[in-house]
Structures are given as C-alpha cells and as structure tokens.
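Here's the structure we're looking at; comments come further down.
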Amino acid sequence: MNTYAFILGRKQLLSIAELCSMLGPKAKIIDIVPEALIAELPEPLAHPQESLDRLGGTISIAEIFHQSKKEKSAIVPAVGEFLTTKFQGRPNKLNYGVSISSFTERHEEILKKTLISLKKDLVEAGLKSRFINKNFKNVETAAIHGEKLLKDGAHITIIQGNHHYFYGNTVALQNLEKYTQRDYERPGRDPHLGMLPPKLAQMMINMAGKTPPEEKIPEHTLLYDPFTGIGTVLTEGLLLGFDVLGSDLNQIALDKAKKNIDWTTQKYNLLRPQPRLFLKDATHLTKKDLPESPALIVTESYLGPPVSQFPLPENMRKTFGNIRETLFRFFQSIRPLIKKGTPIVISFLAYKRKDRFFFVENLIEDVINLGFRAEPLIPHEISKKYGLKVYQRLGLIYDRPDQIVCREIWKFTVL
Ligand SMILES: C[S@@+](CC[C@H](N)C(=O)[O-])C[C@H]1O[C@@H](n2cnc3c(N)ncnc32)[C@H](O)[C@@H]1O
C-alpha cells in the first residue's frame, strides 16, 4: 500500500492547502481530520525525508500499515503485530514510541492502556523492548530524533480518522533546526522589512507550484518575487530547485537579499547560477524587466508600519488604502507580462483583534476585474467533504496567538 499520513503543522488549513496543491491529481485523499491528512499515492515515497523537507506545513510523514474499525480493542493487536513482524529475531532491545492523533478522548488514558498491554504482548512474543513515551504522553519530536527511532526503532502514530483508525509507521520528521537556522542565522535580517517565516515561504511556493514532493522541479522553472525584501521567498525557492528572480524598490533590501542568497547557496552547496536582483517599483513593471515570463510569482507585500497595539480606525484605513493601491497597481502592471494560467501566490496584511480579523477591502474584486481568477487554496469539494472551516473569503490566514499583524494568503491565476 502507498498510503501515507501527513501530520499537519500548526496552521492546519494552510498545511492542507499545500498538500492539496503538491500531491497532484494522481494522489487520492482518503481522509482529513484536524491533525492529519491521509492520502494514497500512486507510488511509494522513495525518499520520504527529502519529500518532507520540501513541505513547510507537514510535521511528519507516517506510512500506513493498517486500518481498523474505530474500536479501542483493535489498537494493541494491530501495533503488536506490526512490531513483532518487523523486528522478529532482533537480538538487541527495541526502542519504540506510540503517539496518537485527533482522538477526542484524553491521550494519556488511551496511551497508558495501550503501552502497558503492548509491552506484555511483546514479551510474550519474545521481543525485548522499551517504550520511550514519558508519562504516557505523545512522544516529542526531539525524543524521536534522540532515540534514533526512525533508524533503529519505531515510532507508531495512531490516527482517529472519520471512519477508521489508521496506524502509521513514521518515516520522516520535520527538521525544525534547519528552519530555525534559515530564519535566524541568515546574515541579512531586518524586522522593518518584514520577515516571512521560511516555512510559510515554502508553503506559499508549493501552493503555486505543481510538482509533487517526490519529484524534482523541472529545470529552469522561473520563480519571481516582485517585493523581494530580504529574499526569503527567493532563498526557499532556490532550495526547492527553482531558478529565481527578484526585485524591490529598496536597494538596502536587495543588498540584504543578496547576502542571504549567497549564505544559502554556500551553506547548502547549491550549484545554481547567481540570481538576478533588480531595483524596481512593482507598480511599474515593463517587458524589459521580465524578458522571460516567470512560471510562478510568489510574494509578500508591505505589511504596514510596526504596531504594538491595535491601530486606530483611521490608521488602519490609511494602511489598508496604501496596500490596496500598491497591490492593485502591481497586478495591473504585471498582467500583460505573464502567460495565461501563471499562478500568483501573495501574502498581505490582515489585522486581528481577539478573534476578529480585519482585511484589506475591495482589492480582490478589483484584481478579478483586471483579468485574474481568485483560486480556492483548498478545492471546494475537499472543504465540503471534510467540513473544513474555510470562510467566505478564499484566502487563508497565517497568524500567531496574540499577534495583531497577520497575513492573508491568496492565490490568483491569470485568465
Ligand atoms: C514585507 S517585505 C517582504 C518580505 C520578504 N518577503 C522577506 O521576508 O524576505 C515588503 C518589501 O516590499 C518592498 N516594497 C514596498 N513597496 C514596493 C513597491 N511598490 N515596489 C517594489 N517593492 C516594494 C519593500 O521595500 C519591502 O522590502
């Protein structure tokens, strides 16, 4: 079976959107629950870790080895059989961990019963073993790494699906350290220019692209960022295998982007030509700026002035007005320069007070009138089938708890 569970990151809808775009038409989504998306792929993942490294919104990938009715009594036999078959005859002790996902009941109670019975069954089967769960809680990612479970042991994830329990053997884990390094160790940081988290940049690129995570990006696929800033989209694009091109109206930003690109190229030994960066107002682009039309555009525009408290209504109106004006003129200027169907994934400012969001108004309709189509980031049939809380707007939100400044992510294609 080529069925895999993709364990979703914190912003689950964005993670689902990324997967819907990446998995492609040959994959079949068979279930979506709050913490996981389960899909049958046309082929087994040959290099699951490499595939996962390309997905900003997925925390781990587990290969599904069994599916059962939603009865708790089915859990121990299913996991026991998998472990005894896989590790039969192993001379040294087996270290393993079990985590559960999307169960409505308390995890500790289920895990306690499961781990204790499982241990007995494994002893009876002649397998020396030790579970590494602490206090009958799910296993932390650091412990899975530390105990080398993916290489020498096993980490089992049990997911409560809508109709079944799914049992998965974890085959890849997100390398958080690498994302942190890319975010904090790059030389050209600048909070005033806005700092798109590398994971989000990766997700946005994947929402625009169509290459499944197990395949290489076709050579010379050009990704353009017209509001380059410190170059996060460009560095993540390079790492994914795109050729990149960037512009900004601020030379200081471009210098920082160049430093970050050089740092990334060296650190990851990328054998790619030095990308072209040019100084340009994105509201006045011409054919000279884009002699080659890009295959995809991924960008984050101005996020407004830094705020420590919720802006006054007149300030909010002014900031939204500026953003609306700039983005409208950007869409107008890029429209004749790109080919039909070219995707543009863009993040722009939204404010949040408590649980209420405030959006740039009247922009989407105007962009549509310019000859673009606003695309749902998650196909309607998927949102409907799995009851996903997608609101009337087609954009999806990226926010952190207690943050006033948030991002709204939209995808457009040129008609
Ligand atoms: C929020 S930053 C982009 C952050 C960037 N994606 C990152 O984290 O690496 C927005 C950038 O847009 C640039 N900008 C604002 N208005 C612009 C315009 N009209 N044309 C081109 N660049 C513009 C600013 O100079 C700034 O560098």
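Values for this structure:
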{"quantity": "Check on Ser68, at negative phi, modelled with pLDDT under 95 and of a type in the set (Gly, Ala, Ser)", "calculated": "yes"}
{"quantity": "When residues of the stretch 274-288 are limited to those that are away from the ligand (no atom under 12 Å from the Cβ) and within 20 Å of Pro187 (Cα to Cα), the one surrounded by the fewest Cβ atoms within 10 Å (Cβ to Cβ)", "calculated": "Gln274"}
{"quantity": "Of the criteria (1) part of a strand (DSSP E or B); (2) without any contact (Cβ under 8 Å) to a residue 24 or more places away in the chain, which one Ile297 fails", "calculated": "(2)"}
{"quantity": "Any chance Lys352 is out of contact with any Pro (no Cβ under 9 Å at 6 or more places or on another chain), of a type in the set (D, E, K, R), surrounded by fewer than 18 Cβ atoms within 10 Å (Cβ to Cβ) and in contact (Cβ under 8 Å) with a residue 12 or more places away in the chain", "calculated": "no"}
{"quantity": "The stretch 222-259, residues that are among the hydroxyl-bearing types (Ser, Thr, Tyr) and either within 9 Å of the ligand (Cβ to nearest atom) or modelled with pLDDT under 95 (or both)", "calculated": "Thr228, Thr232, Thr235, Ser247"}
{"quantity": "Single match in Arg373, Arg393 (criterion: surrounded by fewer than 19 Cβ atoms within 10 Å (Cβ to Cβ) and modelled with pLDDT of 95 or more)", "calculated": "Arg373"}
{"quantity": "Qualifying residue in the stretch 365-373 (condition: part of a strand (DSSP E or B), touching a Gly at 6+ places or on another chain (Cβ under 7 Å) and closer than 28 Å to His284 by Cα)", "calculated": "no"}
{"quantity": "Residue, nearest to the ligand (Cβ to nearest atom), within the stretch 296-313, restricted to residues that are modelled with pLDDT of 95 or more and under 29 Å from the mean Cα position of the chain (by Cα)", "calculated": "Glu300"}
{"quantity": "Residue list for the stretch 16-39, filter: touching a Leu at 6+ places or on another chain (Cβ under 8 Å), touching a residue at least 60 places away in the same chain (Cβ under 8 Å) and assigned to a strand (DSSP E or B)", "calculated": "Ile29, Asp31, Ile32, Ala36"}
{"quantity": "For Gly89: the one exception among (1) touching a residue at least 60 places away in the same chain (Cβ under 8 Å); (2) surrounded by fewer than 17 Cβ atoms within 10 Å (Cβ to Cβ)", "calculated": "(1)"}
{"quantity": "Among (1) buried (at least 18 other Cβ atoms within 10 Å of the Cβ); (2) within 16 Å of the ligand (Cβ to nearest atom); (3) not in a helix (DSSP H, G or I), the one test that Met203 misses", "calculated": "(3)"}
{"quantity": "Test: residue in the stretch 224-234 that is of a type in the set (A, V, I, L, M, F, W, C), out of contact with any His (no Cβ under 8 Å at 6 or more places or on another chain) and surrounded by fewer than 22 Cβ atoms within 10 Å (Cβ to Cβ)", "calculated": "no"}
{"quantity": "Test: residue in the stretch 314-323 that is modelled with pLDDT of 95 or more, out of contact with any helix residue (DSSP H, G or I) (no Cβ under 8 Å at 6 or more places or on another chain) and in a loop (DSSP other than H, G, I, E, B)", "calculated": "no"}
{"quantity": "Within the stretch 211-225, considering residues that are assigned to a loop (DSSP other than H, G, I, E, B) and in contact with a helix residue (DSSP H, G or I) (Cβ under 7 Å, 6 or more places away or on another chain), the one farthest from Ala172 (Cα to Cα)", "calculated": "Ile217"}
{"quantity": "Long-range neighbours under 9 Å by Cβ, at least six apart or interchain, first residue closer than 25 Å to Glu292 by Cβ within the stretch 266-279, second in a helix (DSSP H, G or I) and hydroxyl-bearing (Ser, Thr, Tyr)", "calculated": "Leu270/Thr264; Leu271/Thr265; Arg272/Thr265; Gln274/Thr265"}
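The values are calculated or read from the model by the stated rules, or taken from the named source; none is laboratory data. Bear in mind the structure is a predicted one, so any value in this text is a computation, not a measurement. All Cβ positions, glycine included, derive from the backbone under ideal geometry; neighbour counts span all protein chains shown.
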